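Quick note: the coordinates plus some simple rules give every number you see, no bench work behind them. Model, not experiment: these values are computed from the prediction. With ideal geometry, Cβ positions are generated from the backbone for all residues, glycine too; neighbour counts draw on all protein chains shown.
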Amino acid sequence: MKVRRLEAIKSIVSREVVQNQDELQKLLEKQGFAVTQATLSRDLRELCIVKAHDPELGVYCYRDGKLGKILPIEPRRNRFTVETIKSVEFSGNQGVIKTYPGFAGAVASVIDDNIHHGIMGTIAGDDVVLLILREQTPVKELVSEISLYISGFADKLLENS
C-alpha cells in the first residue's frame, strides 16, 4: 500500500502544480488513498519532495529537492545511511538504538517496514529507538537482517550486546 501511495504522490506532483499538503491530500483521496498530514509529510520527506519556487509559473509548488523533478522510488536501504546511528545495544528481549537528534523515527520506520519477524514493535523518540523483541529471537540473526536494510548496522553494535 505504501509503495502504491508513494507512486501516486510522485505521479501527481510530476504532472500537476500542487501548492500545499491539503491540496495533495485531496488529490490522493480521489485516487483512494486516505492519509493523515503526518503520513503525507513523511512521504514527501522520503521522496525528497520539497516546496520550491517555480519561476515559470510564479508560485511555490512541490518538486524534487535536488533536481526540480521527481526521482523514481529507490529501495529505502539505498537512501538511508547508518551515519545517523550512534550505537545499538541489546539486553534480554529489548534493544536500544541511539541516533543523532531527529533520526530515530526514520530508523524505526525502516525496521517496521522491513522486519516482520523477531520484533514485536518499535517505539521511537527523537534520538532513541526501543526495539521490543519476541521471546527467543536470536540477536545476531536480527542484526544481520536489519543490516540488509541499513548497511553497516552491525558495526554500531556495542560489544556487550
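Consider the range 93-105 and keep the residues that are assigned to a strand (DSSP E or B) and of a type outside the set (Gly, Ala, Ser). The one that is farthest from residue 149 (Cα to Cα) is 94. Under the condition of being without any contact (Cβ under 8 Å) to a residue 24 or more places away in the chain and either on the phi > 0 side of the Ramachandran plot or not in a loop (DSSP other than H, G, I, E, B) (or both), the residues counted in the range 106-153 number 13. Can you tell me which residues in the range 1-52 are charged (D, E, K, R) and surrounded by 17 or more Cβ atoms within 10 Å (Cβ to Cβ)? Matches in the range 1-52: 5, 10, 43, 46. Within the range 13-31, the set of residues being over 20 Å from the mean Cα position of the chain (by Cα) and in a helix (DSSP H, G or I) comprises 14, 15, 22, 23, 26, 27, 29, 30.
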